[in-house]
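See structure below.
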Amino acid sequence: MATTQPTSTTTTLVHRATSGAAEWWRTAVIYQVYPRSFADADGDGIGDLPGITSRLRHLARLGVDAVWLSPFYRSPQHDAGYDVADYRDVDPVFGTLADADDLLATAHDLGIRVIVDLVPNHTSDEHPWFVQAVAAGPGSPERARYVFRDGRGTDGEQPPNNWTSVFGGPAWTRLTEPDGTPGQWYLHLFDVHQPDLDWTNDEVREEFRSVLRFWLDRGVDGFRVDVAHGLVKAEGLPDWDGTSAMIDGAHEGTTGSEDGATGAGSTGPMWDQDGVHEIYRDWHSVLAEYDGDRCLVAEAWVEPLARLAAYVRDDEMHQAFNFSFLTTLWSADALRRVVTESLEANDEVGAPTTWVLSNHDVVRHASRLGLATPGAKPNGIGAQDPQPDEELGLRRARAATLLMLALPGSAYLYQGEELGLPEHTTLDDDERQDPTWWRSGRTERGRDGCRIPLPWTADEPGHGFSPTGATWLTQPDSFARYALDAQRGVRGSTYETYRSALRLRREFRLGSGSLAWVDGLPDTARGSVLAFVNREILVVTNLGPETLRLPADLQLVHASQDLAVAEDDAVLVPADTTVWARLGR
Ligand code: NOJ
């Protein structure tokens with residue numbers, strides 16, 4: 001068994017603590033609510049805004065600073081609401097505008113801020129603008145709001161270029177013109193029901209300024225910007241032979257790769273064009289007209305990290321999800337590298353790093369970390385695929401979360417991770433609703449497995465998700481043991497572990513803290529231990545198979561698992577565990 005020698009350790013400072021009052025979002029823990037799967041009030045089996053409002057106390061008790069709501073706008077729901085038909089109204093499936101106002105007011109009363117989703121890359125094909133564009137014909141101002149082009153080939157029968165959709169299949173669909181003849185093609189980087197807007201068009205720009213104001217006037221605290229790296233396409237829409245996938249693979253913590261196979265499909269003429277930044281500078285100035293530090297957070301699958309940091313320069317957005325961190329494998333070296341590079345890149349522009357491990361687009365981290373390659377990121381898991389080790393995955397997920405919540409910056413949690421929920425990996429294929437499943441020719445299972453309705457109670461039908469017991473996707477049997485009421489008040493449960501972590505993170509001001517790597521713990525040479533100091537807290541994650549001994553003069557503050565104490569009072573940290581300890585007794 002290894003023995004630590006604290007006196008021989010060395011530290012390397014990577015990030016300094018910030019001092020004084022600062023905007024709330026710099027250090028906030030923000031909880032993602034996926035409305036259709038959070039809580040259902042009206043009994044139709046689909047979550048809704050009144051359901052969310054009724055459960056906000058759960059989030060206040062958990063200790064989050066803010067919620068981010070995935071889209072609840074009027075939508076035909078071809079991509080679970082990311083196909084918006086009216087940006088200024090609530091879809092009847094989720095409730096009414098009055099329900100949105102009520103949610104905002106209740107959240108604010110509880111001290112929880114609210115971020116809503118903004119989907120500017122594309123609209124629904126049922127948005128009035130697209131309906132008008134189809135009717136108006138080629139060359140019209142209505143078509144100029146979208147990316148319509150004539151096809152290639154003698155009769156325009158070939159798509160304008162070779163781009164593929166992120167969900168699989170071609171990124172272009174040909175219209176039949178109003179007079180019945182085969183017509184122009186329109187671009188859709190996602191589903192056929194999600195036509196891309198043309199952001200060189202001033203009307204498009206003006207419309208989104210107005211949408212921002214509509215929600216800012218209602219009191220929202222910020223916007224999560226969907227596909228923030230995709231709005232501007234390269235001049236001339238050149239062919240591209242690389243992948244257009246946004247969530248491609250997992251990697252080992254190096255962030256300079258250009259091969260597009262590492263975590264983010266950020267290369268290619270459809271992604272991360274310099275022209276996007278002007279849009280965010282414009283939006284920054286819109287938000288700045290309002291009080292209360294409203295914020296913009298970029299969903300931008302962009303690497304290397306220095307390019308991602310450009311989205312959070314001080315006159316642009318405020319946060320950008322760190323997907324390089326999310327896609328890093330369970331390896332001490334890789335994690336150290338990505339954390340260092342992230343903090344350095346963001347420090348360069350004076351922005352916080354925004355950590356995240358799970359969301360509604362990726363396999364839940366409790367399952368990713370239980371795969372044969374821990375941290376790999378398949379595009380969904382089906383019953384025929386190799387199954388994750390549930391117990392090991394959860395153990396590592398709790399360790400990863402405690403590591404993340406001790407890092408300086410802001411952190412996002414995805415609903416259900418506080419319960420330790422695994423991915424539903426055996427969902428019946430006939431139930432799948434993610435367009436990825438059929439657009440990929442039923443080869444990529446996609447994202448339904450991380451979108452299963454939450455289990456609030458162990459013993460009720462539908463685990464208390466809905467008063468009727470209905471759930472829009474079937475919950476797996478295992479959800480009974482993950483239900484909130486089976487964990488609340490239970491020492492060492494995942495829920496109580498998260499709750500204590502959030503309380504201690506606040507108490508020790510870790511979000512505005514520092515990061516200095518600690519070397520010299522015996523195992524670090526073998527690359528199986530990650531150790532750093534943030535303010536007075538030493539954070540140690542043991543990723544190796546052997547138990548680690550921490551010296552007795554450390555005061556244990558929190559741990560992702562129960563720890564044993566040796567006869568000489570040394571703390572024994574087992575494999576796949578994170579510990580927070582106070583330096584000195
Ligand atoms: C990213 C969103 O997170 C995802 O759910 C959606 O399918 C695409 N953008 C398209 O809007």
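Restricting attention to the range 476-505, which residues are hydrophobic (A, V, I, L, M, F, W, C) and without any contact (Cβ under 8 Å) to a residue 40 or more places away in the chain? Across the range 476-505, the qualifying residues are 480, 486, 490.
Considering only residues of the range 188-204 that are outside any loop (DSSP other than H, G, I, E, B) and surrounded by fewer than 18 Cβ atoms within 10 Å (Cβ to Cβ), which is farthest from the ligand (Cβ to nearest atom)?
Here is the first cut: in the range 188-204, the ones outside any loop (DSSP other than H, G, I, E, B) are 196-197, 202-204.
Imposing the further condition that a residue be surrounded by fewer than 18 Cβ atoms within 10 Å (Cβ to Cβ) reduces the set to 202-203.
Numbers: 202: 23, 203: 21 Å.
That would be 202.
In the list 172, 185, 215, which residue meets the criterion of being more than 16 Å from the ligand (Cβ to nearest atom), modelled with pLDDT of 95 or more and touching a Lys or Arg at 6+ places or on another chain (Cβ under 6 Å)? Working first, answer last.
Numbers: 172 fails: touching a Lys or Arg at 6+ places or on another chain (Cβ under 6 Å); 215 fails: touching a Lys or Arg at 6+ places or on another chain (Cβ under 6 Å).
Residue meeting the stated conditions: 185.
The C-beta contact set for the range 1-27 (first residue among the charged types (D, E, K, R), second residue modelled with pLDDT of 80 or more, distance under 6 angstrom, 6+ apart or interchain) comprises 16/514; 23/293; 26/352.
Can you tell which of 409, 420, 446 is of a type outside the set (Phe, Trp, Tyr) and either surrounded by fewer than 21 Cβ atoms within 10 Å (Cβ to Cβ) or closer than 24 Å to residue 189 by Cα (or both)?
Every option except 446 fails the conditions.
Of all residue pairs spaced 6 or more apart or on separate chains, those with beta-carbon atoms under 6 Å, a first member in the range 78-91 that is without any contact (Cβ under 8 Å) to a residue 24 or more places away in the chain and a second member that is part of a loop (DSSP other than H, G, I, E, B) and within 14 Å of the ligand (Cβ to nearest atom) are 91/75. For residue 385, the conditions (1) away from the ligand (no atom under 16 Å from the Cβ); (2) surrounded by fewer than 24 Cβ atoms within 10 Å (Cβ to Cβ); (3) closer than 22 Å to residue 512 by Cβ all hold with the exception of (3).
The range 40-158 holds helices (runs of 4 or more DSSP H) entirely within its bounds, and those carrying 1 or more residues that are surrounded by fewer than 23 Cβ atoms within 10 Å (Cβ to Cβ) and charged (D, E, K, R) map to 56-62, 97-109. Selection of the range 357-373 for residues being surrounded by fewer than 21 Cβ atoms within 10 Å (Cβ to Cβ) and either in contact with a strand residue (DSSP E or B) (Cβ under 9 Å, 6 or more places away or on another chain) or under 19 Å from residue 540 (Cα atoms) (or both) yields only 360. Out of 457, 468, one residue alone is among the hydroxyl-bearing types (Ser, Thr, Tyr) and in contact with an Asp or Glu (Cβ under 6 Å, 6 or more places away or on another chain). It is 457.
Identify, from the list 373, 354, the residue that is of a type in the set (Ser, Thr, Tyr) and more than 16 Å from the ligand (Cβ to nearest atom). Explain how you work it out, then say what you get.
Working: 354 fails: more than 16 Å from the ligand (Cβ to nearest atom).
Result of the check over 373, 354: 373.
Of these, 513, 584, 544, which one is assigned to a loop (DSSP other than H, G, I, E, B) and at pLDDT 95 or above? Walk me through it before giving the result.
Details: 584 fails: at pLDDT 95 or above; 544 fails: at pLDDT 95 or above.
Unique residue meeting the criteria: 513.
Among the candidates 554, 530, 548, the residue that is surrounded by 19 or more Cβ atoms within 10 Å (Cβ to Cβ) and farther than 25 Å from residue 369 by Cα is uniquely 554.
The values are calculated or read from the model by the stated rules, or taken from the named source; none is laboratory data. None of these values were measured; they are calculated from a predicted model. Counting neighbours? That spans all protein chains shown, and the Cβs are built from the backbone with ideal geometry, glycine included.
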